[in-house]
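The values are calculated or read from the model by the stated rules, or taken from the named source; none is laboratory data. Please read these numbers as outputs of a predicted model, since none were measured by experiment. Counting neighbours? That spans all protein chains shown, and the Cβs are built from the backbone with ideal geometry, glycine included. Ligands, DNA and RNA are excluded from the accessible area calculation, which covers all protein heavy atoms including side chains. Shrake-Rupley method; radii C 1.70, N 1.55, O 1.52, S 1.80 Å.
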Amino acid sequence: MFLHYGDLSTSDQLTNLIYNIKPDEIYHLGSQSHVMVSFDTPEYTADITGVGTVRLLEAIHRSGIKAKFYQASSSEMFGAASPPQDENTPFYPRSPYGAAKVYSYWITVNYREAYGLFACNGILFNHESPRRGETFVTRKITRAVARILAGQQKKLYVGNLHARRDWGYAPEYVDCMWRILQHDSPSDYVVGTGESHTVEEFLIESFGYAGLDWKEHVEIDPRYVRPTEVDFLMANSGKASKELGWAPRICFRELVRIMVDADMEALSLTPPGEGTRILNCRFGKWHQWANSVSQNIKAAASRGFG
Ligand code: F7E
């Protein structure tokens with residue numbers, strides 16, 4: 001693996017990169033991806049999360065490289081649309097992030113139709129893992145569980161507990177992204193588990209799994225409540241299942257256990273171990289998470305990136 005520097009705000013540099021690397025497949029996952037942050041930085045979010053996509057598409061088009069293109073579209077585009085959401089559900093974004101992703105979705109479709117690019121949208125619902133950033137609600141919760149057990153934190157401050165999300169296990173979603181680009185023809189796919197739970201249910205499961213009562217540790221902080229919220233997301237991934245043979249193997253309850261185990265291990269605590277057992281059973285040793293992020297960064301640095 002070689003890491004090149006890149007900047008989604010600079011089209012010339014992107015064109016040079018694409019022309020020099022001549023990739024077969026491009027997975028465009030770069031963005032300002034935090035929904036709450038997008039309310040504070042709407043213009044930056046529009047530039048990077050929205051216009052960044054057309055910069056990449058135009059770089060492919062102008063350089064004449066025959067690269068397949070994957071656009072990381074998001075369930076946030078559905079926003080206020082009623083669940084379950086599928087490929088035919090009209091978009092109703094509820095944040096600058098969601099609106100920017102809608103632009104990226106349609107410009108991807110447009111380059112496919114206008115120039116014949118093999119350009120696809122994967123409309124991914126929330127996908128989580130022990131590598132999830134610490135300011136997203138799932139990881140914020142599982143990390144807090146471990147820190148409370150380790151005596152490093154007493155309280156966890158969160159916002160809206162009633163929002164419902166379709167949370168799945170991220171590595172399975174990456175497999176689906178790859179499948180989308182291997183299909184005979186380019187198209188757009190909804191990817192999620194079909195199971196939806198509230199933030200409160202995530203709290204109950206995570207704290208309960210670690211033997212804690214969430215009500216003793218969790219406080220509501222209005223600073224984390226969004227100006228407009230997405231209330232209810234639940235995917236219908238029938239198309240991905242039928243055309244790509246994709247189906248998630250990790251359910252909500254198992255995802256919580258995988259994440260709590262990993263956060264406890266990271267603090268040298270002994271986890272209950274159900275999450276690790278689930279991973280070993282379904283995926284084998286490839287899915288060991290302990291310190292995996294820092295190990296990957298070190299490995300990349302030793303190959304000249306740093
Ligand atoms: O919020 C509520 C919050 O920030 C989930 C991104 O990857 O998935 C992600 O977007 C829910 C929301 O993820 C806190 O109001 C309550 O209803 O973990 P999140 P998200 O906004 O769903 C989609 C698919 C993407 O594309 C995005 O890039 O949890 N919530 N209390 C909270 N959320 C946060 N972050 N922090 C809280 O304290």
Worksheet item: Is there any pair linking a residue in the stretch 180-204 that is farther than 21 Å from Phe232 by Cβ to one that is of a type in the set (Lys, Arg) and surrounded by fewer than 19 Cβ atoms within 10 Å (Cβ to Cβ), with Cβ under 9 Å and at least six apart or on different chains, and which?
Response: Ser187/Lys239; Asp188/Lys239
Item to complete: Considering only the stretch 1-52, give the helices (runs of 4 or more DSSP H) lying wholly within it that have at least 2 residues that are within 16 Å of the ligand (Cβ to nearest atom).
Response: 35-40, 42-45
Worksheet entry | Of all residues in the stretch 111-141 being in contact with a Lys or Arg (Cβ under 7 Å, 6 or more places away or on another chain) and more than 10 Å from the ligand (Cβ to nearest atom), the one that is farthest from Met77 (Cα to Cα) | Phe118
Practice prompt. Identify all residues within the stretch 187-204 that are buried (at least 17 other Cβ atoms within 10 Å of the Cβ) and either modelled with pLDDT under 95 or within 11 Å of the ligand (Cβ to nearest atom) (or both); write none if there are none.
Written response: Val191, Gly192, His197, Val199, Phe202, Leu203
Worksheet item: Are any of the residues in the stretch 83-90 within 15 Å of the ligand (Cβ to nearest atom) and of a type in the set (Ser, Thr, Tyr)?
Response: yes
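Could you check, for the stretch 163-186, whether at least one of its residues is among the β-branched types (Val, Ile, Thr), within 20 Å of the chain's Cα centre (by Cα), within 15 Å of the ligand (Cβ to nearest atom) and open to solvent by less than 60 Å² (accessible area, probe 1.4 Å)?
Scanning the stretch 163-186 turns up no residue that is among the β-branched types (Val, Ile, Thr), within 20 Å of the chain's Cα centre (by Cα), within 15 Å of the ligand (Cβ to nearest atom) and open to solvent by less than 60 Å² (accessible area, probe 1.4 Å).
Pick from the stretch 228-242 the residues that are touching a residue at least 40 places away in the same chain (Cβ under 8 Å) and of a type in the set (S, T, N, Q): which of them is surrounded by the most Cβ atoms within 10 Å (Cβ to Cβ)? Spell out the reasoning first.
Within the stretch 228-242, the first condition is being touching a residue at least 40 places away in the same chain (Cβ under 8 Å), and the residues that meet it are 228-240.
In the following step, the residues that additionally are of a type in the set (S, T, N, Q) were identified as 228, 236-237.
Values: Thr228: 13, Asn236: 18, Ser237: 27.
Checking each candidate, the answer is Ser237.
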Worksheet item: Does Arg94 fit the bill of being in contact (Cβ under 8 Å) with a residue 24 or more places away in the chain, open to solvent by 30 Å² or more (accessible area, probe 1.4 Å) and in contact with a helix residue (DSSP H, G or I) (Cβ under 7 Å, 6 or more places away or on another chain)?
Response: no
Fill in: Breaking point among (1) more than 25 Å from Ser75 (Cβ to Cβ); (2) within 16 Å of the ligand (Cβ to nearest atom); (3) open to solvent by less than 30 Å² (accessible area, probe 1.4 Å), for Gln153
(3)
Worksheet item: How many residues does the stretch 16-33 hold that are hydroxyl-bearing (Ser, Thr, Tyr) and modelled with pLDDT under 95?
Response: 1
Fill in: Whichever residue in the stretch 243-282 is within 18 Å of the chain's Cα centre (by Cα) and over 19 Å from Phe202 (Cα atoms) and, among such residues, is most open to solvent (accessible area, probe 1.4 Å)
Ala247
Discussion item. Scan the stretch 129-151 and tell me whether some residue there is in a loop (DSSP other than H, G, I, E, B), more than 24 Å from Ala247 (Cβ to Cβ) and over 15 Å from the mean Cα position of the chain (by Cα).
Written reply: yes
Response to the item:
Counting only residues in the stretch 205-227 that are more than 30 Å from Pro42 (Cβ to Cβ) and within 16 Å of the ligand (Cβ to nearest atom), the one most open to solvent (accessible area, probe 1.4 Å) is identified as Lys215
